Amino acid sequence: MSKVPFLYLNKPYQEIQDELDAAYRRVMKSGWYILGEEVDAFEAQYSSYCGSKHCIGVANGLDALHLILRVYEIGNGDEVIVPSNTYIATWLAVSYTGARPVPVEPDPASYNIDPARIESAITSRTRAILLVHLYGQTAEMDAILAIARQYNLKVIEDAAQAHGAVYKGKYAGSIGDAAGWSFYPGKNLGAFGDAGAVTTNDDRLAERIRVLRNYGSKVKYYNEVIGYNSRLDPLQAAFLQVKLKYLNEWNLRRKIIAREYLTNLSDLPDLILPHVPDLVDPAWHLFVIRHSQRDGLQKCLNESGIGTLIHYPIPPHLSDAYRDAEYKKGDFPIAENSAQTVLSLPMGPHMALDDAIQVISAIRAFHEN
């Protein structure tokens, strides 16, 4: 039986090798290797794609979120609403500023932060809601924005998994006050190394992030503030320009795989499939199921040559990184249950339909035994 990897990381290069090689040669011949025209070009293209006024390239997705929070002057003594169910980078961005991440449980159907639980977590110290479009499906933005307007809070999208995801006709990254993006290689729009960006319609935010990412400087050697070194690499920007042209097509391929899973696994007991609300068009960054016998199913798939991952096995509140916050098991039971039951199936734009059929057959065989 042939193996089905969790993700074919090498196949995007194989598909568009000539274009990527040409981008590489263009940058290497230019002699310009920090910021410059390649970064400017990608920023213009990605802001246009997302429907946002500005895109500012930075070194990675965590820096993108951190810099947004810094410009909004969120720091010591402040609180930021975050999902209890997310990759720890969302929390780390808040902690970097000295503010306190305040976890809110997800809606079990969507895995995204539950708007109905947000208001009870707001205090006089709350400054922002940092939501995540988890697994490539947008959060319930209308409800979250309504709460934010009522309490005068900023809404920041962690869009690291949502390249091309759509909420009620709007692309992720153009709906809140600002959005942080990761272009980590495994993302729907992935670089060939670390890379990130901020998108926003806020002129002041965009201007300040451009300064902060570059040592606090607009003009070399003239430093306005204590800044950072967090610049999108021109080589990665050139690669991203090429791959952006294929993003919608590659997302459509993901949708075909997701449809195959949804159609052929819907009748199985003990298996919970992703729920897609009306008016949401996911990017299908991940296809995440829940199963009461998750570990046994994962072992069975592994023995069948099928790669899976668990996103995420340890909720942030139970990680050693946040042990000083003195959270304990049972504090956020929905996130904890997800950690014990979720399993990400193979998903990607270079996955053949036969691969999906092989995955489906192995899951069905597990249920028959």
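The values are calculated or read from the model by the stated rules, or taken from the named source; none is laboratory data. This structure is a prediction, so every number in the text was calculated from the model and none was measured. Methodologically, a virtual Cβ is constructed for each residue, glycine included, from the backbone with ideal geometry; neighbour enumeration extends over all protein chains shown. Remember, those area values only see protein heavy atoms, side chains included, never the ligands or the DNA or RNA. Shrake-Rupley method; radii C 1.70, N 1.55, O 1.52, S 1.80 Å.
With label points built 7 Å along Cα→Cβ from the Cα atoms of ALA116 and ALA321, find their separation and express it in nm.
Going by the 7 Å Cα→Cβ label model, 3.0 nm.
Could you give the length gained by full extension between ILE226 and GLN340, i.e. 0.36 nm per residue of separation minus their alpha carbon distance, to one decimal place? Before the final figure, lay out each step's value.
Working: separation 114, 0.36 × 114 = 41.04 nm, distance 4.24 nm.
Roughly 36.8 nm would be gained on extension.
Kirkwood hydrodynamic radius (Cα pairs, Å) of segment 32-92?
Numbers: mean 1/r = 0.0725 Å⁻¹.
Mean inverse Cα-Cα distance, inverted, gives 13.8 Å.
Tell me, what % of the accessible area of segment 121-195 is carbon and sulfur with a 1.4 angstrom probe? Mind showing how you got there, number by number?
Values: 1070 of 2450 Å².
About 44 percent, which is the carbon plus sulfur part of the accessible surface.
How fast does the chain diffuse by Stokes-Einstein, in µm²/s, taking the Kirkwood radius from C-alpha pairs at 4 °C and 1.567 mPa s?
On the way: Rh = 21.2 Å.
Answer from the Stokes-Einstein relation: 61 µm²/s.
Modelled label-to-label distance, ASP295 and ALA109, 7 Å Cα→beta-carbon offset: nm?
3.1 nm
Taking the chain as a Gaussian network, Cα atoms linked when under 10 Å apart, which of GLN241, GLN293, GLN45 shows the biggest mean-square fluctuation?
Fluctuation is largest for GLN293.
Heavy-atom accessible area of LYS187 with all protein chains present, probe 1.4 Å, nearest 10 Å²?
Probe radius 1.4 Å; accessible area of LYS187 about 40 Å².
Hey, if we sort ARG364, ARG323 by accessible area with the 1.4 Å probe, largest down, what's the order? Don't skip to the end; give the middle numbers.
Working: ARG364 70, ARG323 160 Å².
The ordering from most to least exposed comes out as ARG323, ARG364.
Compute from the Cα atoms of segment 206-315 the Rg and the Dmax, the latter being the longest Cα-Cα distance, and quote both in angstrom.
Every Cα atom of segment 206-315 included, Rg and Dmax give 21.7, 64 Å.
For TYR228, TYR72, TYR261, give the ranking by accessible area with the largest first, probe 1.4 Å. Don't skip to the answer; put the middle values down first.
On the way: TYR228 70, TYR72 20, TYR261 0 Å².
From most accessible down to least: TYR228, TYR72, TYR261.
Normalised by the residues of segment 308-369, what does the relative contact order come to in percent, with Cα pairs under 8 Å and at least six apart? Let's see the in-between values first.
Details: 38 pairs, mean separation 22.9, N = 62.
Taking the mean separation of contacting Cα pairs over the length of segment 308-369, I get 37 percent.
Could you point to the residue in GLY180, THR90, MET351 farthest towards the positive end of the chain's charge dipole, with +1 and -1 charges on the Cβ of Lys/Arg and Asp/Glu respectively?
Checked the options; the winner is GLY180.
Given a Förster radius of 25 Å and the C-beta distance between ASP267 and ASP354 as r, what FRET efficiency does 1/(1 + (r/R0)^6) yield to the nearest 0.05?
Values: r = 21 Å, r/R0 = 0.85.
That pair, ASP267 with ASP354, gives E of 0.70.
Mind checking which of PRO12, PRO115, PRO106 has the largest fluctuation in a GNM of the chain, springs on alpha carbons under 10 Å?
With Cα springs under 10 Å in the chain, the top fluctuation among PRO12, PRO115, PRO106 is at PRO12.
Let me cross-check MET347: its accessible surface, 1.4 Å probe, with only protein heavy atoms counted, in Å² to the nearest 10?
The accessible area of MET347 comes to roughly 10 Å².
Please list THR199, THR308 in order of solvent-accessible area, largest first, computed with a 1.4 Å probe with all protein chains present. Mind dumping the intermediate values first?
Working: THR199 0, THR308 20 Å².
Result, largest first: THR308, THR199.
Given the rule -39500 (n - 2.57) for each run of at least 4 DSSP H residues, summed and divided by the residues of the chain, what is its mean residue ellipticity at 222 nm, to the nearest 500 deg cm²/dmol?
Details: 13 runs with 143 residues, N = 369.
Estimated from H runs of four or more residues: -11500 deg cm²/dmol.
Across the Cα atoms of segment 113-229, what radius of gyration and what greatest pairwise Cα-Cα distance (Dmax) are found, in Å?
Radius of gyration, then largest Cα-Cα span, for segment 113-229: 15.9, 49 Å.
Could you grab the relative contact order for segment 122-187? Cα pairs under 8 Å, six or more apart, rounded to a whole percent.
On the way: 101 pairs, mean separation 21.6, N = 66.
Once divided by the residue count of segment 122-187, the mean separation gives 33 percent.
So which residue, out of THR123, THR341, THR90, gets the largest mean-square fluctuation from a GNM of the chain using Cα contacts under 10 Å as springs?
Highest fluctuation among the options: THR123.
Any chance you could look up the accessible area of ASP354 with a 1.4 Å probe, heavy atoms only, rounded to 10 Å²?
Estimated to the nearest 10 Å², ASP354 gives 110 Å².
Could you check the spin-label model distance between ARG259 and ALA143? Points 7 Å from the Cα along Cα→Cβ, value in nm.
2.8 nm
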